[in-house]
Amino acid sequence: MTRFSRRAALRCEHEPDAIELSYATLRARIANRAAALESLGVSNGGRVALLCENRPAWVIALLGALHAGATVVPLDVKLGTGEVEVLLAHARPRLILTSDAHRERALEIAGRLDGGVQVIAIDRDDADAAPASDGASPTRSLARHADEPALYIYTSGTTGRPKGVTVTFGNLLHQVRAVDEAIGPQGRERFLSILPLCHLYELICGLLVPLTRGATISYPPTESLLPTELTRIMKRRRITSLVGVPLLYRALARGIEVELKRASRLARGYVAAAGAVSARIPFHRLRRLLHRPLLGRMGGRLFQLYSGGAPLDDQVARSFQRMGLPILQGYGLSETSPVIATNTPCAHRLGSVGRPLPGVAVRIAPRTPGESLAAGGEGEILTRGPHVMPGYLDRPDLTAQVIDADGWLHTGDLGRLDADGYLHVTGRAKDLIVLGGGKKVYPDEVEAVLSTSLGFAEVCVLGIPARQGHDEVCAVVVPAAGDTSIDAEAEIARMLADVAAFKRPTRVVVRREPIPRTTTRKAKRAALVAWIHALDEAA
């Protein structure tokens, strides 16, 4: 940070004026936060939870806690209070760092946890911790080892048994270096950060990598994905880079379509002609020149888009590529810190998730042991390298299920490697539901809650393809014997009131016969999906 001292590091776009921190000020704030935590007894290996919305104070709290010697447990503010409590009971932090917006529920949770967990309010973004002069030095120099835990990232809100992914300093260091090397120099970058910082994808690609490159990161006042709000900030801050999920890019593409419909016939004709010409031009700079009026609506400086968390729709990818804005799609898991592979400005193949990062090994294993796999054939994606977690917190049994004796992590996802080494993901891990915004829903968690209802004899939660190309959460319920009057939707809403909104079913189907199951009593989800499709066709 010292070589970018006077450069703007973080901005929070509050109205009427934005809050801005230089790199020197950010470094001083981090040192002060570390000193404050040390005075509270935080030392090597002490666990600190972080419950806060995206803002500079989140960044200061994270880096300050790491500097003080803590291991940080970032939490999603969108999780229900009950879910947060389960995670904290498992993680056992000494402190909870929280913003004013979540202070009350943090206090409520802390009061129910064993061990006297202390809640510390994070102050305003421009005055985090005690006043500091620019260029202040840390209170002490603390060496953190590569194999030391830096973060515990929970892969699900969980009403069942939590899985805390252990992310080491070695994992983080490899990811920052490898992603930076893969992307290559991009000049002066200005990022717009809209994904939750508690997710590793945003933490690595939208925070740590940009900070090492001297970029400026802007945080919108809300987590809104409204194209009008985002484009306003893009214009105001001349944003060059965006880390997003397919839902974001679909929203931006839809916003452009709406504006074009309102435009004059001449303007629509120009855009159509520019699209036809740019399809034959291989150079992105020329494509951007042709679409300059359209790109001007997004600030005119945007040139680098990154996508992860869910499969990117090919049609959306092509529409941005025609404008000279290729979306660089990547792939990874929390267990891989998180990036395994990514497209880059110099190595980009539409429909793939790119090539493995430097130092990352990927191989495709047959789905059935002993089965032979032809070159380019489909199988389970396995990966090994310095990006792989050492294991789940206090769960060696689960760790052994996903990391084999040779160090290969079994992702559970299906894919293939083409002749040029590009990875293509062709299927998803078992029954995991991946929503358009990149959120992941584990059906077992939702079922565990709904199955406690006396009104339901059976419940199955599954993903149903939505019109937008991604899944929606669907609950199939069988009413209890003799209960013909139950309002299934109302009962589900009541049961899931304290569960994160994105996990709640957006569709409920009542079934009057038993759910089809295997001999081991597992629901046959494929059969249920086919049954629902048949109902839709009949309707």
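Bear in mind these aren't lab numbers, they're just calculated from the coordinates by the rules spelled out. Here the structure is a predicted model, which means the values were calculated and not measured. We place every Cβ from the backbone using ideal geometry, glycine too, and count neighbours over all the protein chains shown.
Computed FRET efficiency, Cβ-Cβ of Thr222 and Glu259, R0 25 Å: what is it to the nearest 0.05? Can you show the working numbers first?
On the way: r = 22 Å, r/R0 = 0.88.
That gives a FRET efficiency of 0.70.
Suppose the chain between Ala146 and Ser43 were pulled fully straight at 0.36 nm per residue; how much longer would it get relative to their current alpha carbon spacing? Please report the intermediate quantities before stating the final value.
Working: separation 103, 0.36 × 103 = 37.08 nm, distance 1.71 nm.
Contour length minus Cα-Cα distance gives 35.4 nm.
Among 246-258, 302-314, 263-275, how do they line up from the highest to the lowest mean number of other beta-carbon atoms within 10 Å?
Values: 246-258: 18.9, 302-314: 21.5, 263-275: 13.1.
With the highest mean Cβ count within 10 Å placed first, the list reads 302-314, 246-258, 263-275.
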Sequence-distant residues sharing a close amide H with Asp413 (under 5 Å, placed H):
Ile381
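Can you work out the FRET efficiency for the pair Ser451 and Arg92, with r the C-beta to C-beta distance and R0 = 30 Å, to the nearest 0.05? Walk me through the numbers on the way to the answer.
Working: r = 28 Å, r/R0 = 0.94.
It comes to 0.60.
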List the residues of segment 436-474 whose backbone N lies under 16 Å from a point placed 7 Å from the Cα of Asp536 along the Cα-to-Cβ direction.
436, 462-474
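Relative to 2.2 N^0.38 Å, what does the C-alpha radius of gyration of segment 344-427 come to as a ratio? Two decimals please.
Values: Rg = 13.8 Å, N = 84, 2.2 N^0.38 = 11.8 Å.
Ratio of Cα Rg to 2.2 N^0.38 Å: 1.17.
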What are the ³J(HN,Hα) values, in whole Hz, obtained from phi via the Karplus relation 6.51 cos²θ - 1.76 cosθ + 1.60 with θ = phi - 60°, for each residue of segment 359-366 in sequence order, with x given for Gly and Pro?
x, 9, 9, 10, 9, 9, 9, x
Report the rotationally averaged projected area of the chain based on its alpha-carbon convex hull, in square nanometres.
28.0 nm²
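How would segment 192-233 be classified by its alpha-carbon gyration tensor: rounded, prolate or oblate, with rounded meaning a/c under 1.5 and the a/b versus b/c comparison settling the rest? Walk me through the numbers before you get to the answer.
Values: a/c = 3.02, a/b = 1.57, b/c = 1.92.
Oblate shape, in that a/c is at least 1.5 and b/c is the bigger or equal ratio.
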Once you put a point 7 Å from the Cα of Leu266 and another 7 Å from the Cα of His410, both along the Cβ direction, what distance in nm separates them?
6.4 nm
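Counting alpha carbon pairs within less than 8 Å and at least 6 residues apart, what relative contact order, in whole percent, applies to segment 184-325?
On the way: 182 pairs, mean separation 41.3, N = 142.
Relative contact order here is 29 percent.
Could you work out the relative contact order of the chain, using alpha carbon pairs under 8 angstrom and six or more residues apart, expressed as a whole percent? Don't jump to the answer; show the numbers that get you there.
On the way: 1060 pairs, mean separation 60.1, N = 539.
It rounds to 11 percent for the chain.
Just subtract the alpha-carbon distance of Arg285 and Leu107 from 0.36 nm times their residue separation and send over the number in nm, one decimal.
On the way: separation 178, 0.36 × 178 = 64.08 nm, distance 5.26 nm.
Gain in length upon complete extension: 58.8 nm.
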Sequence ranges 176-186, 206-216, ranked by mean other-Cβ count within 10 angstrom, highest first
206-216, 176-186
Among DSSP beta bridges lying fully in the chain, give the percent that are antiparallel, nearest 5.
55 percent
Length-normalised contact order of segment 1-121, Cα under 8 Å, at least 6 apart, in percent, tallies to 22 percent
Which whole-Hz couplings ³J(HN,Hα) result when phi for each residue of segment 180-196 is put into the Karplus expression 6.51 cos²θ - 1.76 cosθ + 1.60, θ = phi - 60°, listed in order with x for Gly and Pro?
4, 5, 5, 6, x, x, 10, x, 6, 9, 10, 8, 10, 9, 10, 8, x
Can you flag which of Lys235/Lys503; Lys78/Lys261; Lys439/Lys522 are past 30 Å Cα-Cα?
Lys235/Lys503; Lys78/Lys261
Only Lys, Arg (+1) and Asp, Glu (-1) charged, at Cβ; segment 184-325 dipole about Cα centre in debye:
800 debye
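Which value, in debye to the nearest 20, describes the size of the charge dipole of the chain about its Cα centre when Lys and Arg Cβ atoms bear +1, Asp and Glu Cβ atoms bear -1, and nothing else is charged?
Working: 67 positive and 56 negative charges, 468 e Å.
The dipole of the chain has a size of about 2240 debye.
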Any idea which of Ile153, Leu328, Thr166 is furthest toward the positive side of the dipole for the chain, if Lys and Arg beta-carbons carry +1 and Asp and Glu beta-carbons -1?
Leu328
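Going by average Cβ density within 10 Å per residue, which order do the peptides 80-89, 404-413, 446-455, 320-329 take, highest to lowest? Please report the intermediate quantities before stating the final value.
Values: 80-89: 19.5, 404-413: 15.0, 446-455: 17.1, 320-329: 21.6.
So the peptides 80-89, 404-413, 446-455, 320-329, ranked by packing, come out 320-329, 80-89, 446-455, 404-413.
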Divide by every residue of the chain the summed helix terms, -39500 (n - 2.57) for each DSSP H run of at least 4, and state the resulting mean residue ellipticity at 222 nm, rounded to the nearest 500 deg cm²/dmol.
-9500 deg cm²/dmol
